[in-house]
Structures are given as structure tokens and as C-alpha cells.
1. Give the residue, chosen from K74, K145, that is on the phi < 0 side of the Ramachandran plot, open to solvent by less than 90 Å² (accessible area, probe 1.4 Å), among the basic types (K, R) and in contact (Cβ under 8 Å) with a residue 60 or more places away in the chain.
2. Which residue, of L129, L109, L152, is touching a residue at least 60 places away in the same chain (Cβ under 8 Å) and part of a helix (DSSP H, G or I)?
3. So the check is Cβ under 6 Å with 6+ separation or different chains; which pairs have a first residue in segment 8-31 that's free of Cβ contacts under 8 Å to residues at least 24 places away in the same chain and a second one that's of a type outside the set (A, V, I, L, M, F, W, C)?
4. Can you tell me which residue among F113, F69 is open to solvent by 60 Å² or more (accessible area, probe 1.4 Å) and hydrophobic (A, V, I, L, M, F, W, C)?
5. Going through segment 116-126 one residue at a time, which ones are open to solvent by 20 Å² or more (accessible area, probe 1.4 Å), over 29 Å from A66 (Cβ atoms) and part of a helix (DSSP H, G or I)?
6. Tally time: how many residues in segment 102-125 are modelled with pLDDT of 90 or more and of a type outside the set (A, V, I, L, M, F, W, C)?
7. Filter segment 50-100 down to the residues that are small (G, A, S) and assigned to a loop (DSSP other than H, G, I, E, B), then identify the one that is modelled with the highest pLDDT.
Amino acid sequence: MVRLVPKYSEIFVSSLQRQEIVMRLELVTQNINYLDTANFRKNKGYSFNGSVGNNGFRISLKVDKADSFLPLIKGHIEPTAKGSIIFLHYSFFPSTEFFLGFWSVLSFLLTVFFLSVNQDWVFAALSALAGIGNYTFAFFNFKRKVKQSQKLFIEMMDLKIKG
């Protein structure tokens, strides 16, 4: 299956019990109401924004300015006899997926228009390059932000990673 939008998944095995993981996540995650501008930037000391439940969570890195390429981290925690398994899925926010798809389709349609109707190879090539450039820029920024999120998550959970 061809994926048009970048996604990334990983699994961690932890000796921590589910409640300990949830508690650690709650300590560093701010449950934020974006419509409440009075309290929006007051709370310091959090690393993530989002919501944390007993079995799962939806978080993203806390940032000071807007970042369209920030990954949404959806996590699920499964208890085991000697700890827990943490499943993480990184993806774009739905609005970012929509706009990436919109501009990709628009640049493709412009390329087809310039090739078929106007028969202008220069504008067709520029439209195709703009679409490819937009997608490439989004993909590499997403990868960079996933690495930042991973590093912070691993530090917060005090996970031992080899490699």
C-alpha cells in the first residue's frame, strides 16, 4: 500500500507498570484548551500537550510557536507480567494531512492543465517541482520532529535504548 502521508510507529518494552507510565506522562503533559487564551501560555514545565488516559494517550511536543510538521503521537499501553509494552504511532495532525493532500492534488492538476490545455512545459515543470518540493519539505521536517519527540519521550520514560 502506498502511503501519501508520512507515518511512523515503534514499540517499547518497559519494566514499568502501566500506572507508573501513565503517572509519568501526566506529570509532563499539559491538558490544554486552545480556546482559553488566558491560561494558554501560563503553565511552564510541561514537555507535551495532549491528553492521557489509563490505556492510551494523544500527545504532541509543546512548542512556543506554530509548527505544521509537529507529529501527533498516539500511544497505547499494554500491561504484561513484568512491565508494559508501549505502542507509539506518529502522524501528522489531520489539518496538516488535509493541506498536504490539497496542495499535492492542486499542483498535480496544474501540471496536467499546463501540459494538456496550454501545452506550456515550463509552467508544467514548475508546478510539478512545487508539488514535489512541498511534499519533500513536509516529509523531512516530519522526520526531524519525530526524532525530537522520540528523544524527549525516551528521556521522560527513562528507557534504555541500544543502538
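1. Values: K74 fails: in contact (Cβ under 8 Å) with a residue 60 or more places away in the chain.
The unique qualifying residue is K145.
2. Values: L129 fails: touching a residue at least 60 places away in the same chain (Cβ under 8 Å); L109 fails: touching a residue at least 60 places away in the same chain (Cβ under 8 Å).
Result: L152 is the single residue among L129, L109, L152 that is touching a residue at least 60 places away in the same chain (Cβ under 8 Å) and part of a helix (DSSP H, G or I).
3. N31/S51
4. Values: F69 fails: open to solvent by 60 Å² or more (accessible area, probe 1.4 Å).
None of the other options fit; the residue is F113.
5. Across segment 116-126, the qualifying residues are S116, W121, V122, F123, A125.
6. Of the residues in segment 102-125, 4 are modelled with pLDDT of 90 or more and of a type outside the set (A, V, I, L, M, F, W, C).
7. First, the residues of segment 50-100 that are small (G, A, S): 50-51, 53, 56, 60, 66, 68, 75, 81, 83-84, 91, 95.
From what's left, assigned to a loop (DSSP other than H, G, I, E, B): 53, 66, 68, 81.
On the way: G53: 88, A66: 80, S68: 84, A81: 91.
Top of the filtered list is A81.
The values are calculated or read from the model by the stated rules, or taken from the named source; none is laboratory data. Quantities reported herein were computed from a predicted structural model and do not represent experimental measurements. Every residue, glycine among them, receives a Cβ derived from its backbone with ideal geometry; neighbour counts consider all protein chains shown. Keep in mind that these areas ignore ligands, DNA and RNA; they rest on the heavy atoms of the full protein, side chains included. Shrake-Rupley method; radii C 1.70, N 1.55, O 1.52, S 1.80 Å.
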